[in-house]
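No value in this document is a laboratory result; all are computed from the given coordinates. These numbers come from a predicted model, not from an experiment. Cβ placement follows ideal geometry from the backbone for every residue including glycine, while neighbour counts extend to all protein chains displayed.
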Amino acid sequence: QKEVEQNSGPLSVPEGAIASLNCTYSDRGSQSFFWYRQYSGKSPELIMSIYSNGDKEDGRFTAQLNKASQYVSLLIRDSQPSDSATYLCAVNPRVESGGGADGLTFGKGTHLIIQP
Amino acid sequence: GAGVSQTPSNKVTEKGKYVELRCDPISGHTALYWYRQSLGQGPEFLIYFQGTGAADDSGLPNDRFFAVRPEGSVSTLKIQRTERGDSAVYLCASSPWAGTPLTGELFFGEGSRLTVL
């Protein structure tokens, strides 16, 4: 059973602070990891992907991956009210070799609230 | 259009009825995915198409659910004998990167909200 676990929140962070979102996964063979943002009533939107251990930075967002601990995190620096949304962690368990792919396994998401 | 298009945006039906949900992916995207999202949950994988064929249908909950993509573009998700538990938002996503390490970088449509009374 492939599982992706996230704290559902809500996680409340003051504007301008760093928001830290965490995710653990059960399938040790997982190879690629994603963070999607979902505003209320809208569809998920990809904001970060990470494929190797360490940090990956993109603007105010940093994704961190630790495969040994089966742990993925997302840091949002200088949080803005527009960052208020649900953040979904997603994991793809297979290394792609052209033979097809399982769908992503998503966590339930963490509801983030940025307080002005 | 520029994005993934799903119709209808909302569908209300009665228990036992048949429903079709349509997805038009981004032009040129060979991979197409269907997910289902219930309130307070993350998207749940249903089926994945690479071209015209279903490469992975392991997420379909039972044989009442079926999906086709006859020409490798538009896909239709079909639900027979609908049940109240089928009520959810059905999300379609497409990707140009299936079969590469970038699989998982998906573009989602706005979803079809299905309500079974």
Computed magnitude of the charge dipole of segment B:23-89 (debye, nearest 20; Cβ of K, R +1, Cβ of D, E -1): 160 debye
Note down the net charge around residue B:112, summing +1 for each Lys or Arg and -1 for each Asp or Glu among other residues with Cβ under 11 Å from its Cβ. +2
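How much net charge surrounds residue A:17 when only other residues with a Cβ under 13 Å from its Cβ are counted (Lys, Arg +1; Asp, Glu -1)?
Taking every Cβ under 13 Å from that of residue A:17, the sum is -1.
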Return the aspartates and glutamates within reach of residue A:67: Cα separation strictly under 14 angstrom, same-chain partners fewer than 8 residues apart disregarded; answer none if there are no such residues. A:27, A:55
So for segment B:53-117, taking the charge dipole from beta-carbon charges (+1 Lys/Arg, -1 Asp/Glu), which of B:59, B:95, B:114 sits furthest toward the positive end? B:114
How large is the dipole of chain B about the Cα centre if only Lys and Arg carry +1 and Asp and Glu carry -1, each at its Cβ, rounded to the nearest 20 debye? 400 debye
What does the net charge come to around residue A:84 if you take all other residues with beta carbon closer than 12 Å to its beta carbon, with K and R at +1 and D and E at -1? -1
Packing-based order for B:47-58, B:74-85, using average beta carbon neighbours within 10 Å, highest first: B:47-58, B:74-85
Amide H within-cut-off set for residue B:113, under 5 Å, with H built and near neighbours excluded: B:10, B:11, B:90
How large is the direction-averaged shadow of the alpha-carbon convex hull of chain B, in nm²? 6.8 nm²
Cα-derived Rg over Rh, computed across the protein assembly as shown with Rh taken as Kirkwood radius: 0.97
Out-of-range pairs (alpha-carbon distance over 30 Å; input A:2/B:78; A:2/A:42; A:108/B:78; A:56/B:11; A:108/B:15): A:56/B:11
Counting Lys and Arg as +1 and Asp and Glu as -1, each charge on the Cβ, what is the dipole of the protein assembly as shown about the Cα centre in debye, to the nearest 20? 500 debye
What Kirkwood radius, in Å to one decimal, follows from the Cα pairs of chain A? 14.4 Å
